[in-house]
Each structure stands twice: as C-alpha cells, then as structure tokens.
Amino acid sequence: MQLVLVSGLSGSGIAWCWGSGASGQVGDGATTSRAMPVAVWNFQNFQALALGAMHTCAIAIAGGTYCWGDNSGGQLGNGASGQGMKHLNQSSPVTVVSDVSFISLVAGWVHTCGLTAQGEAYCWGDRYSGQVGDGLVSGYERERTSPVKVSGGLKFTSITAGGNHTCGLTASGSAYCWGWNSSGQVGDGTATNQYAPVAVSGSIIFRLIAAHGYHTCGIATSGLTYCWGRNDSGQLGDGSQVNRQTPTKVVTASTFVSLALGEGFTCGLTGDGVRICWGANTAGQFGDATTESVVTPRTLTGLRRFSSLIAGDAFACGQSGQSGWSCWG
C-alpha cells in the first residue's frame with residue numbers, strides 16, 4: 001500500500017489532512033499516518049494550501065505563511081540553523097521566516113515557492129539542482145532555510161513545482177523553468193540543470209502550465225496541449241516513451257481547461273467536465289476501473305464529470321458539484 005498525503009480546506013479555513021504522517025506532514029502534532037481527515041493543529045485559519053512530497057505549507061487568512069512536516073532540505077522556511085535544529089521536522093505549523101506576503105504557494109519534493117501580489121517569485125529549501133532559482137551554482141550552499149527571490153527580475157502570474165524543478169508563467173504567456181533537468185523537464189532543449197529561470201523553447205504562448213516529478217505540461221492559447229520531460233510511462237501523451245527536452249504536442253483533438261499531473265501520468269479536464277488521461281495507470285490513477293497504461297490520451301467516458309482535478313504521485317482526486325471530492329488510485 002502506498003501512503004499519500006491529501007489535504008483540503010473547510011469553508012471556515014480549517015485545514016484537514018490525511019495519509020502518510022511519518023514526517024509530521026499531516027500537521028496534527030503527531031507523526032502518525034491517518035486514514036481519515038484530521039484537523040491541522042490550528043492556531044490559524046488558512047486560505048491556500050500546497051503539498052510537497054513530505055511537507056505541507058499554507059497561507060493564513062490573517063496573513064503569514066506556515067509550513068509543517070519534513071524539513072530535510074529547509075523546505076519549511078523557518079530559518080532554523082545549527083547542527084541540531086537545522087533539519088528538525090515539524091508536526092504542526094511553524095512560521096516561514098520572511099517579511100514577504102504571498103498570494104499562492106507551490107511545493108516540490110524538498111522545496112517550496114511563493115508568489116507575491118506583485119508577481120515576484122520566492123523559493124526556499126533544497127537548491128542543489130537549482131530548483132530555488134537563486135542563480136547560484138550548487139557548490140555555494142546546499143539549501144535556503146528562508147525565502148529568497150528568484151533571480152532574473154521576471155514577474156509571473158502563476159508558478160508550479162515539479163519534483164526538483166520549478167516553472168513560472170508571465171503575463172505575456174511566456175513560460176520559464178529552472179532546476180533539475182535530467183529528463184528535459186525544464187524544456188530549454190538541454191538536460192543541464194538550470195540555477196536561474198530559462199525560457200521554455202518554442203516561443204509558445206501558454207495560458208496554463210503544470211509540473212510534477214520529472215515532467216511539465218502546458219495549455220497554449222491556441223488550445224493545443226504540450227508536455228516535456230520524462231516519458232517512460234507515456235506521460236507526455238505523444239504516442240512514444242521517449243523523453244522530450246522541448247514542448248511536444250499531446251496527441252489529442254480535445255481542448256482542456258485544466259491539467260493534473262502525477263508521477264508518470266497526466267490528466268486533462270475538458271470544459272464539460274470529461275477527464276482524459278495518459279501515462280501510467282498501474283495503480284488505477286485514471287479512476288476508470290482499469291490498470292492499463294497508455295501512451296496517448298484516453299477519454300474516460302461514461303464516468304462522473306468533474307469541475308476540478310488534482311493529482312499526487314499515484315492517485316488523483318476530483319471535485320464534482322454537490323457530491324464533493326472523490327479520490328482514486
């Protein structure tokens with residue numbers, strides 16, 4: 001059985017988490033896995049959540065940013081230093097040490113990033129592969145234990161995080177990525193790690209980008225969907241299992257309103273709520289009662305329609321009108 005962390009916000013802003021809790025990422029003050037939702041040890045109500053591999057972060061309604069869980073790379077951003085404290089995991093929320101206010105957060109395996117109202121991106125945590133985007137090579141310092149501004153002076157309207165890479169979208173629709181690039185997930189035509197934002201190849205104008213693990217996808221203003229990076233399970237949807245270092249068209253005639261990326265699979269949601277998925281399905285990530293993986297998009301017909309989708313390593317969840325959220329995988 002694979003334990004995963006899932007979370008949600010109630011109408012009052014109370015955060016609820018469930019799944020693997022060994023590093024404190026459930027946030028209820030314990031290091032116990034939870035099979036049912038439990039409230040995060042709550043001295044704040046939250047307006048936004050971001051889930052990493054083994055840590056969680058949130059923006060409080062009253063202001064301030066908080067994180068909890070694994071802190072092996074400084075991804076909690078609490079500025080802890082010293083041999084005994086630097087990597088101490090936290091089983092309840094701790095304050096991210098910064099005088100910057102964020103309007104959204106994203107989290108990777110061991111790093112976290114926030115976006116300000118002015119479009120500036122800040123990141124913290126493990127920066128060995130460049131995922132923090134501070135422009136410094138890996139030998140300088142292994143991690144950032146509090147937020148640092150992403151270099152390059154770019155302004156973003158949204159950001160997204162893969163495992164050890166990060167991407168941002170500008171107001172003009174240009175995509176930039178930085179960080180670990182072993183499979184081409186940065187999209188600049190190389191397999192070289194990037195320590196500062198670089199433009200994604202192809203001059204494609206995107207309206208949305210999303211990342212997870214080793215791959216990245218985006219929806220262009222033309223309606224076409226592109227993916228790049230690792231493709232060992234067909235998660236790029238181009239009919240092959242060949243890694244791509246630049247954006248490659250997904251083989252589909254469908255137009256998506258959103259994307260949900262997991263580890264080795266991708267799903268798109270159409271305007272009328274139909275799910276179309278491709279890549280790994282060995283754990284039932286598609287939610288169609290099959291475990292057959294595919295290298296081109298498969299329309300999941302005859303199933304419940306959703307208004308939004310999210311995905312984790314080997315699971316996905318969807319929101320369906322008055323029925324609330326359902327999860328599978």
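The values are calculated or read from the model by the stated rules, or taken from the named source; none is laboratory data. The model shown is predicted, which means the values in this text are computed figures rather than measured ones. Cβ sites come from the backbone with ideal geometry, for glycine too, and all protein chains shown count toward neighbours. Side chains included, ligands, DNA and RNA excluded: accessible areas come from the protein's heavy atoms. Shrake-Rupley method; radii C 1.70, N 1.55, O 1.52, S 1.80 Å.
Once the other residues with Cβ under 14 Å from the Cβ of Gly130 are scored (Lys, Arg +1; Asp, Glu -1), what is the net sum?
In short, -2.
Return the FRET efficiency for the residue pair Val100, Thr255: r is the Cβ-Cβ distance, R0 is 41 Å, and the value is rounded to the nearest 0.05. Could you put the intermediate results ahead of the total?
Values: r = 36 Å, r/R0 = 0.88.
So the FRET efficiency works out to roughly 0.70.
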Amide H partners (placed H, <5 Å) of Val257, local residues excluded: Leu269, Thr270, Gly271
Over all Cα pairs of the chain, the Kirkwood radius sets Rh, and Rg/Rh then becomes 0.95
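Based on Cβ point charges of +1 for Lys and Arg and -1 for Asp and Glu, what charge dipole magnitude is obtained for the stretch 18-164 about its Cα centre, in debye rounded to the nearest 20?
Working: 7 positive and 8 negative charges, 12 e Å.
Once rounded to the nearest 20, the dipole reads 60 debye.
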Using the charge dipole of the stretch 213-329 (Lys, Arg: +1 at Cβ; Asp, Glu: -1 at Cβ; taken about the Cα centre), state which of Thr221, Val251, Gly239 has its Cα farthest towards the positive end. Thr221
Give the carbon-plus-sulfur fraction of the accessible surface of the chain in %, rounded to a whole number; probe 1.4 Å, heavy atoms of protein chains only. 51
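Could you tell me whether the stretch 201-329 comes out rounded, prolate or oblate from its Cα gyration tensor? Rule is a ≥ b ≥ c as square roots of the eigenvalues, rounded for a/c under 1.5, then prolate if a/b exceeds b/c, otherwise oblate.
Values: a/c = 1.81, a/b = 1.30, b/c = 1.40.
Taking the square roots of the gyration eigenvalues as a ≥ b ≥ c, the stretch 201-329 is oblate.
Pairs of Cα atoms under 8 Å, at least six residues apart: use those to get the relative contact order of the stretch 97-198, whole percent. The partial results should precede the final answer.
Values: 277 pairs, mean separation 25.0, N = 102.
Over the stretch 97-198, the number comes to 25 percent.
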On average, how much accessible surface per residue is there in the chain, in Å², for a 1.4 Å probe, leaving out ligands, DNA and RNA? 40
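Placing +1 at every Lys and Arg Cβ and -1 at every Asp and Glu Cβ, with all other atoms neutral, what dipole size does the stretch 253-329 have around its Cα centre, in debye to the nearest 20?
Numbers: 4 positive and 5 negative charges, 41 e Å.
Computed about the Cα centre, the dipole is about 200 debye.
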What ranking, highest mean first, results for peptides 164-171, 17-24 when packing means the other Cβ atoms within 10 Å averaged over each residue? 164-171, 17-24
Label point 7 Å beyond Cα of Val137 along Cβ direction - residues of the stretch 180-206 with amide nitrogen under 20 Å: 180-182, 190-198
